[in-house]
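The values are calculated or read from the model by the stated rules, or taken from the named source; none is laboratory data. These numbers were taken from a predicted model, which means no experiment stands behind them. Cβ: placed from backbone, ideal geometry, glycine included. Neighbour counts: every protein chain shown.
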Amino acid sequence: MKKTFLLLMSGLMAVSCAGCSSDDEIYVNVDNDKSSKKKTSSDKDNDDETKKSADLFGDESDEDGDDAGDDQKEGKKNKETKEHAMDEQRLLDDIDYLLTGDKKEREGQYITFGRYEQDNDTSNGAEPIEWEVITEDGGKVLLVSRYALEFMPFNTVQDSVYWGNCSLHAWMNNEFYESAFTDAEKKLISPTARKLEAYWLIDSESIKDVVDYVFCLNYKELEKYYTIEKGYYCYTCEDIKTEPSEYVREKAMEYGSKQAAEHGYGDAMAFGGMSEEGFINWWLSDASPTYGAAGKVTCSGNFGWDMDGYTFLDESNNKLLGVRPAIWISKGE
């Protein structure tokens, strides 16, 4: 059975009861006795006297009210700070649990962090993002999204692009970063300097290393963190086959339908880059400025290149593929 750690950050909850023990209970008293709401004449006289006192000593009572209001605001701020700290600790505890033992033992187990539209129903808001815990390195933990969360080109125009200057890089580190994570969550995401690897026949001098908050994995990272089968024509790994979210699936089918109609053959699923088993092609951050193309993982779990250097590259602007974000979370000291 697949297990998901549903960590809901306090900034994302409509109501938070973080830190309540099993002995803590919250009561809401609803008075259904209408007769108890009727006021007697003596009650009315007492209310009038109270109002008169309030009019006579209005300045003093307002000042006390302001002080009480400030205390209330300060108390609320302290409570939110405490809840954020507790939620952060839950996240780190869940990560520690998933890092314990052999990687195979934690297959199908995920943590949740941030939110993004996934069920293709915007009326119910964004859904928690599930992440696979990949590795720990120097006090940081690498997370990769369980599902492909978007469907878009590597770059919006055909150009000699690399990861640092493509539109996908800009989207991940701006629109996605800002919309998917709360301010409290952003504090946990560690900006990471990444040395960019490049594909076949490129001008390596044009490739600039970048600092990312959010990124796509590159083929060197796949080799490092997954068990890869190295074939003559490509590299293969069952563990990197990725399903799209329902939102992405619908976008891919719509795109595939248009492509099939334009070509006059084929079906929407194939042109959308999806397999019958439900997996989807997704971008890597490796790019070939020489060919205006970028690397990908296929829906069959293949990546790399054949002897001609073309098989697992796609035109950066003419193809729409799945997007699988990755982030490094800082665990602190």
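Filter region 103-121 down to residues that are touching a helix residue (DSSP H, G or I) at 6+ places or on another chain (Cβ under 7 Å) and in a strand (DSSP E or B) and give me whichever is modelled with the lowest pLDDT.
From region 103-121, those touching a helix residue (DSSP H, G or I) at 6+ places or on another chain (Cβ under 7 Å) are 106, 109, 111, 113-120; that's our starting set.
Now drop any that are not in a strand (DSSP E or B), which leaves 109, 111, 113-116.
Values: Gln109: 83, Ile111: 90, Phe113: 93, Gly114: 95, Arg115: 96, Tyr116: 98.
Only one residue fits best here, namely Gln109.
Can you pull out every residue in region 208-251 that is over 14 Å from Leu284 (Cβ atoms) and in contact with a helix residue (DSSP H, G or I) (Cβ under 8 Å, 6 or more places away or on another chain)? Scanning region 208-251 gives Lys208, Asp209, Val210, Tyr213, Val214, Thr227, Pro244. Restricted to region 186-209, and to residues there that are more than 30 Å from Asp87 (Cα to Cα) and at pLDDT 75 or above, the residue that is surrounded by the fewest Cβ atoms within 10 Å (Cβ to Cβ) is Lys195.
Flag set for Ala287, criterion: among the aliphatic types (A, V, I, L, M) and assigned to a strand (DSSP E or B).
Of everything in region 254-283, what is loosely packed, with under 15 Cβ neighbours inside 10 Å and in a helix (DSSP H, G or I)? Give them in sequence order.
First pass over region 254-283, keeping only residues loosely packed, with under 15 Cβ neighbours inside 10 Å: 254, 258, 261-267, 276-278.
Within region 254-283, Glu254, Lys258, Ala261, Glu262, His263 qualify.
Of all residues in region 152-179, those satisfying the criterion of being surrounded by fewer than 16 Cβ atoms within 10 Å (Cβ to Cβ), over 20 Å from Asn281 (Cβ atoms) and in contact (Cβ under 8 Å) with a residue 12 or more places away in the chain are Val157, Asp159, Ser179. Pairs meeting the criteria (first residue in region 209-238 and without any contact (Cβ under 8 Å) to a residue 60 or more places away in the chain, second residue aromatic (Phe, Trp, Tyr), beta carbons under 6 Å, at least 6 apart or on different chains) are Ile228/Tyr235. For region 122-141, the criterion of being in a loop (DSSP other than H, G, I, E, B), within 24 Å of Leu222 (Cα to Cα) and free of Cβ contacts under 8 Å to residues at least 12 places away in the same chain is satisfied by at least one residue.
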